[in-house]
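Have a look at the structure below, then the notes.
Derivation of every value follows stated rules applied to the coordinates shown; laboratory data play no part. All values derive from a computational prediction rather than experimental measurement. Note: ideal-geometry Cβ built from the backbone for every residue, glycine included; neighbour counts use all protein chains shown.
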Amino acid sequence: MTEYEAVIGLEVHSQLLTRSKMFCSCRADYVQAQPNTRVCPVCLGMPGVLPVINRQAVEFVIMTGLALHSQIAEYTKFDRKNYPYPDLMKGYQISQYDEPICRGGYLEIEVDGQRKRIGMTRVHLEEDVAKLQHLTDPVTSDTYSLVDVNRSGIPLMEIVGEPELRSPEEARLYLVKLRAILQYLGVSTGNMEEGSFRCDANVSVRPRGSTQLLGKVEVKNMNSFRAVYRALQYEVERQVRMVKEGQRVPQETRGWVEERGETVAQRSKEYAHDYRYFPEPDLPPMVISREWVERIRERLPELPEARRERFMAHYGLPAYDAGLLTASRATADFFEATVGKAPREDEALRRRAKAASNWVLGDLTHLLHLHSIELEAAQVRPQHLAELLDLLDQGTIGTPQAKTVLEDMFATGKPPSLVVAEKGLAQISNTADIEPVVAEAIEKNQQAVQDYLKGKDAAVKFLVGQVMKATRGKANPSLVQDLIQKRLEAMRSN
């Protein structure tokens, strides 16, 4: 494998979060709708109907182009992309060919601690196609397909990257970063499982140091970051194996089969001229004024990279924490809402920020993964976590109790103070209540006492553990340790 290197370029299709479809007024919330209930003569492809451009979709593409440092065209147009397929209601797709809205630009990823810039080819706008459902008759075992037109006409943004990725891991990092940008912009959900964020990959291999590609394959049907990584890994290894065996790598489209862990041939790869592009006669060209672009630029939110740098500078977070927190807008928003309740003094703010980061990236993320839900759907809210941190700071509960409280909050949505009261988890911090337990622990564990008197300071931890066990973890561990050491030192002095 070291003799060859991969050449990977990604084409990402992202559905845009508009209220209506690309060229008609049908509602775009098709996911939960009954089949063929979000349709009209335009998206059904009926004769004589005329499309109308969705202005919001155009703005979303411009926003994305600006975030990717692209050049925004002053003149752009739509084209007809012709190919026969049952999910294409008109027999052609309205897309863009030679005059896209955005050209060029770049996206930066971090590979082995080094920044790598991946060039962008273009960002353009088109309409999504209908959805086919392939079924089998339970009686005759005959197969047939049904067409759900609800998805047809949904605004679809295509982002084409330059073939500058050199490994499946780089491709995964690229997709994660791109999805984060789209989510921060609010232009797409970025949900691969639901199909609102889809990826096709063009994969080639070549001798390391050469510029000559040994074939080109497009890989489709990858619906998760893990699937993208595995599919590219398999395809690169397959092509290298073919080359070493003296075989030619044909230009073709292959589909990823998750269950089998391999790509399979689907059809020969099309060239641009196969689609017989020509300008869309029913839509006028668009002139994008510089004033319009600048108004959109002014509305751009803080993007992941800038937010990461701010988290490090303002909250004093390590680069690792800041990177994980800002990889998702939902996580970054949750973190900041939690920290927002902290005192504004720099040191206190940084302590609270680090504590919030530890809980968000640690225990809370573990619970999310364990129950397979997204942060937005969790019952734990930022104000709950902030209150939990307050209870810890005040010594009302210790860390073990806090973990129990978080689990209950996650399951019920109750505030932490209520959970603490209901479960009786409040920490014992009264010296008068703890001293008898400390005295009993010392009395029953004379070997540990003798070890301490002989200079083995670690014996204190054992005695602390005995007191915590006796109080079922409710005693304040710092107070327990202080009381034990005072008694032991008094014994040593005598």
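A few comments on the model shown:
- Computed from Cα atoms, the angle from the helix 459-470 axis to the main principal axis of the chain rounds to 80 degrees.
- In this structure, the residue pairs whose Cα-Cα separation is over 27 Å, taken from Lys454/Lys474; Lys423/Lys469; Lys354/Lys414, are Lys454/Lys474.
- For Ile118, residues with placed amide H under 5 Å, excluding near neighbours: Leu107, Glu108, Ile109
- Cross-link partners of Lys244 among lysines (Cα-Cα below 20 Å; sequence separation of 8 or more within a chain): Lys216
- Seen through its C-alpha gyration tensor, with square-root eigenvalues sorted a ≥ b ≥ c, region 4-295 comes out oblate because a/c lies at 1.5 or above while a/b is not bigger than b/c.
- R0 of 51 Å, Cβ-Cβ distance Asp393-Arg27: FRET efficiency to nearest 0.05: 0.60
- Tilt relative to the chain, helix 346-359 - C-alpha long axis, 0 to 90 degrees, to 10: 70
- Taking amide hydrogens as placed 1.01 Å from N in the peptide plane, the amide H of Val52 sits under 5 Å from those of Cys24, each at least 5 positions away in sequence or on another chain.
- Working note: 222 nm ellipticity from helices only, DSSP H runs with n ≥ 4, each -39,500 (n - 2.57), summed and divided by the residues of the chain, gives -12500 deg cm²/dmol to the nearest 500.
- For region 168-178, 3J(HN,Hα) per residue [Karplus equation, 6.51 cos²θ - 1.76 cosθ + 1.60, θ = phi - 60°, Hz, x = Gly/Pro]: x, 5, 4, 5, 5, 4, 4, 5, 4, 5, 5
- Residue separation of Lys469 and Arg350 scaled by 0.36 nm, minus their Cα-Cα distance, works out to 39.5 nm of gained length.
- Exposed-site-free run, longest, the chain (rule: trypsin sites (Lys or Arg not before Pro); DSSP loop; at most 12 other C-beta within 10 Å): 20-207
- Per-residue Cβ neighbour rank within 10 angstrom, fewest leading, Thr136, Thr2, Thr189: Thr2, Thr136, Thr189
- Distance from region 57-74 to region 318-379 (C-alpha centre basis), Å: 31
- Extension gain (nm, one decimal) between Val176 and Gln34, 0.36 nm per residue minus Cα-Cα: 48.0 nm
- Proxy reagent accessibility, fewest Cβ within 10 Å first, across Asp346, Asp87, Asp148: Asp346, Asp87, Asp148
- Taking the fewest neighbouring Cβ atoms within 10 Å as the starting point, the ordered list for Ser478, Ser152 is Ser478, Ser152.
- Farthest toward positive dipole pole in the chain [+1 Lys/Arg, -1 Asp/Glu at C-beta], among Gly195, Leu463, Thr140: Leu463
- q = 0.09, 0.13 Å⁻¹: log10 I(q)/I(0) that the Debye formula gives for the chain, counting C-alpha atoms only: -0.79, -1.27
- On Cα atoms only, tilt of 477-493 relative to the major axis of the chain in degrees: 30
- Relative contact order of region 69-131, defined on C-alpha pairs under 8 angstrom at six or more residues apart (%): 35
- Label zone at Glu291, where the point sits 7 Å out along the Cα-to-Cβ direction: region 22-64 residues whose backbone N lies under 20 Å: 55-56, 58-60, 62-63
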